[in-house]
Amino acid sequence: MGLLEGRFEKGGVVITTLEQAINWARQASVWPMTFGLACCAIEMMATGASRYDIDRFGAGAFRATPRQADLMIVAGTVNFKMASRVRRLYNQMPDPKFVIAMGACTSGGGPYYKYGYNVVKGVDLIVPVDVYVAGCPPRPEALLEGLMRVQDKIRAMHDLTKRQPLDYLVPTRSGYVQLPPEVETLQKANEYCRRRKELSTPAKV
Amino acid sequence: MGGAEIIAILVEKFGPRIQQTKPDAIDPYVVVDAGDLVDVCRFLRDDPRLQFDMLNCITGVDYCEPDPAKAPKAGFEPHLEVVYHLSSFVKRHRFVVKVLLPRWKDNVPGQLPEVPTVTSIWPAANWHERETYDLVGVYFVGHPDLRRILLAEDWEGHPLRKDYVFPLEYHGIRGR
């Protein structure tokens, strides 16, 4: 966790800042709320079950009350009748709180965008969203990825040292897409394009 | 019992009060006036030859072409239909009763057309009628608790009407 981890040969000593310790504890116990609206909730349940096991990331304790939850996974279509309830549940959660918009419906209306007369076109019209997870419904791996992005956000929180620069970067987990080595820099990318173009040009007879 | 025989029994009992019959459809049906609906339904349930002890579904259908250019070719006059699907566990047969209604009562937009309720005959009609009221906009006279069942209580309009206008905003949440 800390910058000095593993630097001591004999072990037994870990030095860190108080803030990093708090963030580390927070990101390892993100408790989501038991809250599902539609088919995405089935996928969320699968994520919580043994095969994908969201508990590996410390987010397996689905709380039945918003007052004990840190994370709201909005899993499913939000309609206008439900919107005020979603807003109220969000307001009842203690700070710091995070929201994952899971699936196409909560991200922007999804298949109900045009003809869904009673569907909210994105849950971000009701509550602030931290992470959008694409898919209809998303695979459990995608939801886990979204959870890891929330953990990245938590790890970068600086409540105690507000308005001071961060000393390390996010994201620090896997899933961060890196460019392949042949297009790493602009020169290499140009060279790569030129070579591909030459290869694809048919030879003159 | 086939549809033609059921229709024959009904015509024998009610005579001209049965307005239309169609025995050769996949689901044979009769059309009755809204005022005769309760009598016909009670007969369908209680007659020992018919014994329709189950109401499968109540559906509202809006026959309406909102585009005025296509309206002459639509092939129907604008109207509403309420369709009752019945079946009998004892006799193992099915039947359909339809009621034809104007789209608005007395052709005043906003005034819902009225049908008598059949909750006194089949209690299952309770929620079906609430749903039809909610989405299609048919007022069931005598219903014990006619509230919206799916949409919010303060919703305006009936969404499965063909000329329904989508809401642009609901309690401050934009709809588009």
Original post:
Local charge sum around A:Ala28 (other residues, Cβ-Cβ under 12 Å, Lys/Arg +1, Asp/Glu -1)?
Top reply: +1
Original post:
Taking every residue in A:116-122, how many Cβ atoms of other protein chains lie within 10 Å of its Cβ, on average?
Top reply: 5
Original post:
Leaving out same-chain residues fewer than 8 places away, which lysines sit with a Cα under 28 Å from that of A:Lys188?
Top reply: A:Lys197, A:Lys204
Original post:
Cross-link partners among lysines for A:Lys81, C-alpha distance below 26 Å, same-chain residues fewer than 8 apart left out?
Top reply: A:Lys97, A:Lys114, A:Lys121, B:Lys162
Original post:
When the helix-only estimate is applied to the protein assembly as shown (DSSP H runs of n ≥ 4, each -39,500 (n - 2.57), divided by the residue count), what is the mean residue ellipticity at 222 nm, nearest 500 deg cm²/dmol?
Top reply: -8500 deg cm²/dmol
Original post:
So which chymotrypsin sites (Phe, Trp or Tyr not before Pro) in segment B:1-81 are both in a DSSP loop and have at most 16 other Cβ atoms within 10 Å of their Cβ?
Top reply: B:Phe76
**OP:** Using Cα positions and a limit of under 22 Å, work out the lysines in reach of B:Lys22, with same-chain residues fewer than 8 apart set aside.
**Re:** B:Lys13, B:Lys91, B:Lys98
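Readers should treat all values here as calculations from the given coordinates under stated rules, not as data from a laboratory. From a predicted model like this one, the values you see are computed outputs, not experimental measurements. Positions of Cβ are generated from backbone atoms using ideal geometry, with glycine treated the same way; all protein chains shown enter the neighbour counts.
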